[in-house]
Structure formats: structure tokens, C-alpha cells
Amino acid sequence: MDTWRINIKERRLTVESIPESWEHLGGRGLIARIMMDEVPGGCDPLGPKNKLIFAPGLLAGHMLSSCDRISIGGKSPMTGGIKESNAGGRTALKLTRLGIKALIIEDRPEEEGYWVLHLSKDGAQFEPADAFVGKGVYDVTEALLERYGKKVAVALIGQGGEMLLDSAGIQNVDKDGVPSRISARGGLGAVMGSKRIKAIVLDDDGCEKPPIVNPELYKESQAKYYKALLDHPQTQTYAEYGT
């Protein structure tokens, strides 16, 4: 697993090894560590020194119930503090299968145009998104799935993110290709809008799920986890009443 670092101003991808201090972290904890290591506390949340970070959980990629979740973070334009916003959908699964432990989007373009960032095993492509500006997430998702295939993951912003509203979120497509899984808190959609990214497309074609060091121990632990999950009263409440 590596860090994929995107300089959006220079439209450049750098793939880096994980520092030792990040190795055993994932999701919310990894975002906090990266922010402490790399982002000045007094920076403008919508300026070039803030970073937008996508970090899957440590168990993402193995189709374990409730574990294929994505944490998205940065300095919040709403609170001025470190913010992590969590969501379900396909994003974490595809990032993990691409071998990405953390996707870090840095800097800010000087020009006005928006971009679609397409990530695959072949690297990063930056494609103009001017045709999508001003459009909502459902229309844009439909067009992107038509262009890139129904199996990709998409994380994108709507008009609120483009307008840099403090309450703007980031939508993630679910298993049915619907952008219904929302990283809703902290205004991270505005941070994505400040980076001039309309959408991130994650294409794991030709990739494999991350390896397991001890498959037998994993299967044993998985069985215990599922039993505990199904026996928990809260799970039974979900089954009867929904979430």
C-alpha cells in the first residue's frame, strides 16, 4: 500500500512509500496524523496549503461487513479544525484495490477550470470537467458511469461544493451506482471545490484485493466477527426497523 499524492496545480501524481508512523493507521487516525505532519494549523481551509485526504479503513477491501468505508478529511472551512467525514459506498474498496493507503490532494490551481481526476493502475489522468460545472451529482454520475464503465467508483461534488459553501459535502456512489453515500460534515465538499476537482473516478480494472498474511486466521476471525455482529441487539433492531 502506498501514498498517492496529487499536486492539482501541476497536475502531477507522485507515488510514495508509507512512512513508519503511518503504517498501522487508517481512516480517521491516518487523516489526523497526515494533517499534523503536513498541514499548517493556521492555513486557509480553502487555500493552497490545506490538503484533501482520502483514507480507507484498515480492513477495507475484503468485503467485511461495515468495514469498506472511506474517511475523507482536511482542515474544515466550517470549524477551522481537523475534520474527518465518513461514508460507505465503493470509494474505499476501489482505493484499496488500487493499492492506495492514502490519497492526498495538494495545492490549488491558478486557472478557473474544473477537472475530473481519473485514477487507475496506469496512474492519474486529468480531464476537463467544464461540461459538468453547475450540474448536480446525479446527472454527473450518470454521465461518468457511461463514460468510464458501470463498475468504477465516483466521489464528486455538486453545486454547493463549486460555490465553496461551508456545508458542502462529497457524494460517493453506492453498489448500485447511485451517489447516495455522503461525506456530509465539515464542509469538505468546499475543500474539494477549492482544488477545482468536480469528480474523482477510481477504476480498479486489472487490480486485485489486498493480500492477507494469514488467510486461515482471517477466516476464523471473520466468523467470530459476523456472529457477534448478528447477535448484537442493535443489528436486530436494524433488521426490524431499518437504520
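Only a single item in (1) more than 30 Å from Glu106 (Cβ to Cβ); (2) open to solvent by 60 Å² or more (accessible area, probe 1.4 Å); (3) of a type in the set (Val, Ile, Thr) is not met by Ile182, and it is number (1).
Being among the small types (Gly, Ala, Ser), in contact with a His (Cβ under 8 Å, 6 or more places away or on another chain) and open to solvent by 20 Å² or more (accessible area, probe 1.4 Å), is that true of even one residue in region 154-167? No: region 154-167 contains no residue that is among the small types (Gly, Ala, Ser), in contact with a His (Cβ under 8 Å, 6 or more places away or on another chain) and open to solvent by 20 Å² or more (accessible area, probe 1.4 Å). Pairing each residue of region 194-207 that is of a type in the set (Lys, Arg) with any residue that is assigned to a strand (DSSP E or B), provided the two are 6+ apart or on different chains, yields C-beta distances under 7 Å for Lys195/Leu52; Lys195/Ile105; Arg196/Trp115; Lys198/Trp115; Lys198/Val116; Lys198/Leu156. Any residue in region 10-18 that is open to solvent by less than 30 Å² (accessible area, probe 1.4 Å) and either within 19 Å of Leu93 (Cα to Cα) or within 18 Å of the chain's Cα centre (by Cα) (or both)? Looking for residues that are open to solvent by less than 30 Å² (accessible area, probe 1.4 Å) and either within 19 Å of Leu93 (Cα to Cα) or within 18 Å of the chain's Cα centre (by Cα) (or both), one finds none in region 10-18, hence no. The residues on offer are Ile82, Ile53, Ile34, and the sole one that is hydrophobic (A, V, I, L, M, F, W, C), in contact (Cβ under 8 Å) with a residue 40 or more places away in the chain and open to solvent by 70 Å² or more (accessible area, probe 1.4 Å) is Ile82. Of all the residues in region 208-243, those that are touching a residue at least 40 places away in the same chain (Cβ under 8 Å) and either open to solvent by 60 Å² or more (accessible area, probe 1.4 Å) or over 19 Å from the mean Cα position of the chain (by Cα) (or both) number 8. Residues in region 56-79 that are of a type in the set (A, V, I, L, M), touching a residue at least 40 places away in the same chain (Cβ under 8 Å) and open to solvent by less than 10 Å² (accessible area, probe 1.4 Å): Ile70, Ile72.
The values are calculated or read from the model by the stated rules, or taken from the named source; none is laboratory data. In this text, all values refer to a predicted model and were calculated from it rather than measured experimentally. Note that we place each Cβ from the backbone using ideal geometry, even for glycine, and neighbour counts take in every protein chain shown. Please note that ligands, DNA and RNA were not included when accessible areas were found on the heavy atoms of the full protein model with its side chains. Shrake-Rupley method; radii C 1.70, N 1.55, O 1.52, S 1.80 Å.
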